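For reference, the structure discussed in these notes is given below.
Read-outs throughout are calculated quantities, based only on the coordinates presented, and are distinct from any laboratory measurement. From a predicted model like this one, the values you see are computed outputs, not experimental measurements. FYI the Cβ positions are ideal-geometry reconstructions off the backbone, even for glycines, and counts take in every protein chain you see.
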Amino acid sequence: MLSGKGNSSHKVVGQFRHHNFPYYDQLTSIYAKDRATGKDSQTTIDIVEEIDADDATTANNLEEGNNYRGCEDDVSLDEMDVSAIQPQLPKPSQDDFISSKKKKKISDESEQISTSITDVVMLLGENIQTIGLELSRSIAFEKVIQESAQKSYPTLCEVEGLTEDECYRALRKIPDHPTQMVIFFNLPSSVR
């Protein structure tokens, strides 16, 4: 929908006042991206030129700074006389002794931490093994129950003295007591 405060003054705009303008959003996004106005507006060309100028200024300052301090770029170690220089060995001090104490303390703490981690991992391993065995037993028991449930109807029909209604009632109650179901099916057929 076209709206704005400037459209009421123009006479031709009246016919478009309450109509949707196709592609309005796309056009505004295109022209809004291209428009750079205002006090601090810049185009991409201006930004690239500014970056290049900053790089050139930085490079010039570095060159002037090196010459100002008297630094030479092409100094060779071959030209220097190093025969008179004595090597300086570090003297053992109290700081080194304290440092070695700290290192030993850190090493002891690291050993304690690694021992603790090893103990925890071993305990977790044992617990996982125990849980795995219990889970295997549980799955095996569930499998036995399912197999027993599948053969429960034919087995109940073989029991002498049970009516068909009693067989169906037994079929409804047997799954509620899985341990008794396993015991029932392990009994000899004459005792059932």
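Label separation (Ile30 vs Gln42): 2.8 nm, computed from points 7 Å beyond Cα along the C-beta direction. If the segment from Tyr168 to Glu126 were pulled out straight at 0.36 nm per residue, it would be longer than the present Cα-Cα gap by 10.5 nm.
Peptides 178-185, 134-141 ordered by packing proxy, namely the average of other Cβ atoms within 10 Å per residue, highest first: 178-185, 134-141. Label-to-label distance, Arg17 versus Glu109, with points set 7 angstrom from Cα along the beta-carbon direction: 8.0 nm. Between Thr179 and Glu142, the modelled label-to-label distance comes to 1.9 nm, taking each label 7 Å out from Cα in the direction of the beta carbon.
Could you tell me whether the range 106-186 comes out rounded, prolate or oblate from its Cα gyration tensor? Rule is a ≥ b ≥ c as square roots of the eigenvalues, rounded for a/c under 1.5, then prolate if a/b exceeds b/c, otherwise oblate. Here the range 106-186 falls in the prolate category. Subtracting the Cα-Cα distance of Val159 and Ser116 from their residue separation scaled by 0.36 nm leaves 9.3 nm.
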